[in-house]
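The values are calculated or read from the model by the stated rules, or taken from the named source; none is laboratory data. Here the structure is a predicted model, which means the values were calculated and not measured. We place every Cβ from the backbone using ideal geometry, glycine too, and count neighbours over all the protein chains shown.
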Amino acid sequence: MFRVDLNCDLGESFGRYRLGEQEEILKYVTSANIACGFHAGDPTVMRETVKLAIANGVKIGAHPGLPDLNGFGRREMNITPQEAYDMVIYQVGALQGFLTTYNETMQHVKPHGALYNMAAKNSAIAEAIAQAIYDISPSLVLFGLSGSELTKAGEKVGLQTAHEVFADRTYQKDGSLTSRKQPDALITEKEQAVNQVVRMVKEGIVLSQQQIEIPLQANTICIHGDGEHAVEFAKYIHSRFADHQISVRAIKEG
């Protein structure tokens with residue numbers, strides 16, 4: 001029997017602006033990455049999302065991003081490693097405050113959007129993020145793109161590291177995700193998504209857009225909560241995994 005975590009980015013509404021179907025998708029995922037106010041989310045949304053995740057028995061992680069609400073944290077910024085460190089400390093600390101009020105433990109940290117992609121390739125940014133997480137708590141798990149500089153940095157500093165793969169994104173021949181600026185960046189057919197993740201989990205391989213087989217590890221699978229097919233994908237993938245002898249469990253679930 002194979003085992004994998006199924007995670008989703010949540011808490012990305014703010015004010016009157018609502019994004020995603022949190023109540024529904026939490027029925028099918030095992031880990032929630034909660035936005036911490038920089039790219040999305042606000043204090044009320046953070047609290048409500050924490051409460052929903054706990055009610056559904058879903059493990060909670062921080063989802064720190066770049067300070068860019070207008071760009072949803074998906075535009076790269078010229079930041080120093082020290083700034084990356086400080087941003088992670090600040091945002092993880094904000095979410096931890098809400099978890100403390102519910103006597104709940106944080107499972108993991110997963111950077112968002114451009115910060116995630118920058119850390120996947122920039123070793124200095126990756127090491128700053130990993131060090132920030134370790135300094136908050138060595139027991140936290142770092143979620144990062146499989147085989148990236150971020151997962152290497154996490155392992156180097158001594159963190160438990162979860163290699164992440166994507167159900168709803170296509171890959172390039174270097175193992176990176178296809179840019180969202182490209183028309184073929186997103187997978188919109190649920191059967192294609194299932195076939196991709198099953199192969200990643202069981203064989204450790206993903207087929208790139210250039211038709212090259214890329215080796216990777218798959219400890220946790222991401223479904224983007226803001227995606228048009230997020231709930232449908234999560235429900236379908238969860239149900240189909242049983243047919244492929246894949247157990248869906250959180251990283252820190254026994």
Worksheet entry | Options Gly11, Gly65; residue that is modelled with pLDDT under 90 and under 13 Å from the mean Cα position of the chain (by Cα) | Gly11
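Can you confirm whether Ala53 is within 17 Å of the chain's Cα centre (by Cα) and either part of a helix (DSSP H, G or I) or surrounded by fewer than 19 Cβ atoms within 10 Å (Cβ to Cβ) (or both)?
It is true that Ala53 is within 17 Å of the chain's Cα centre (by Cα) and either part of a helix (DSSP H, G or I) or surrounded by fewer than 19 Cβ atoms within 10 Å (Cβ to Cβ) (or both).
Among the listed residues Thr178, Thr188, identify the single one that is among the hydroxyl-bearing types (Ser, Thr, Tyr) and in contact with a Ser or Thr (Cβ under 7 Å, 6 or more places away or on another chain).
Numbers: Thr188 fails: in contact with a Ser or Thr (Cβ under 7 Å, 6 or more places away or on another chain).
Only one candidate passes the filter, namely Thr178.
Being part of a helix (DSSP H, G or I), among the aliphatic types (A, V, I, L, M) and within 17 Å of the chain's Cα centre (by Cα) is the filter here; which residues of the stretch 106-131 pass it? Give the derivation first.
If we filter the stretch 106-131 for residues that are part of a helix (DSSP H, G or I), which is where we start, we get 113-121, 123-131.
Now restrict to residues that are among the aliphatic types (A, V, I, L, M): 114-115, 118-120, 124-126, 128-130.
If the condition is that a residue be part of a helix (DSSP H, G or I), among the aliphatic types (A, V, I, L, M) and within 17 Å of the chain's Cα centre (by Cα), then Ala114, Leu115, Met118, Ala119, Ala120, Ala126, Ile129, Ala130 are the ones that fit.
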Discussion item. What pairs come out if I take residues in the stretch 37-62 that are modelled with pLDDT of 95 or more and pair them with residues that are basic (Lys, Arg) and crowded, with 23+ Cβ neighbours inside 10 Å whose C-beta lies under 6 Å away, six or more apart or interchain?
Written reply: Gly61/Lys110
Discussion item. Given the condition of a type in the set (A, V, I, L, M, F, W, C), touching a helix residue (DSSP H, G or I) at 6+ places or on another chain (Cβ under 9 Å) and crowded, with 24+ Cβ neighbours inside 10 Å, answer yes or no: does some residue in the stretch 110-119 qualify?
Written reply: yes
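Within the stretch 98-105, is even one residue of a type in the set (Asp, Glu), surrounded by fewer than 17 Cβ atoms within 10 Å (Cβ to Cβ) and not in a loop (DSSP other than H, G, I, E, B)? Full working, then the answer.
Initial filter on the stretch 98-105 (of a type in the set (Asp, Glu)): 104.
Now restrict to residues that are surrounded by fewer than 17 Cβ atoms within 10 Å (Cβ to Cβ): 104.
Among the residues that remain, those that are also not in a loop (DSSP other than H, G, I, E, B) are: none.
There is no residue in the stretch 98-105 that is of a type in the set (Asp, Glu), surrounded by fewer than 17 Cβ atoms within 10 Å (Cβ to Cβ) and not in a loop (DSSP other than H, G, I, E, B).
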Worksheet entry | the stretch 186-239, residues that are surrounded by fewer than 22 Cβ atoms within 10 Å (Cβ to Cβ), closer than 17 Å to Val29 by Cβ and of a type in the set (Ser, Thr, Tyr) | Tyr236, Ser239
Worksheet entry | Checklist (1) closer than 17 Å to Gly113 by Cβ; (2) touching a residue at least 40 places away in the same chain (Cβ under 8 Å); (3) more than 16 Å from the chain's Cα centre (by Cα) applied to Phe166, failing item | (3)
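Can you tell me which residues in the stretch 174-189 are more than 22 Å from Asn219 (Cβ to Cβ) and either in contact (Cβ under 8 Å) with a residue 24 or more places away in the chain or not charged (D, E, K, R) (or both)? Steps first, answer last, please.
Our first condition is that a residue be more than 22 Å from Asn219 (Cβ to Cβ); within the stretch 174-189, this holds for 179-186, 188-189.
Residues satisfying the conditions are Ser179, Arg180, Gln182, Pro183, Asp184, Ala185, Leu186, Thr188.
State whether one or more residues within the stretch 78-90 are more than 23 Å from Tyr236 (Cα to Cα), of a type in the set (Val, Ile, Thr), out of contact with any Cys (no Cβ under 7 Å at 6 or more places or on another chain) and not in a loop (DSSP other than H, G, I, E, B).
The answer is yes; a qualifying residue exists.
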Worksheet item: Looking at the stretch 239-247, is at least one residue at pLDDT below 90, charged (D, E, K, R) and under 24 Å from Leu10 (Cα atoms)?
Response: no
Worksheet item: Taking strands (runs of 3 or more DSSP E) that do not extend beyond the stretch 155-254, which have at least 1 residues that are touching a strand residue (DSSP E or B) at 6+ places or on another chain (Cβ under 7 Å) and charged (D, E, K, R)?
Response: 160-166, 213-215
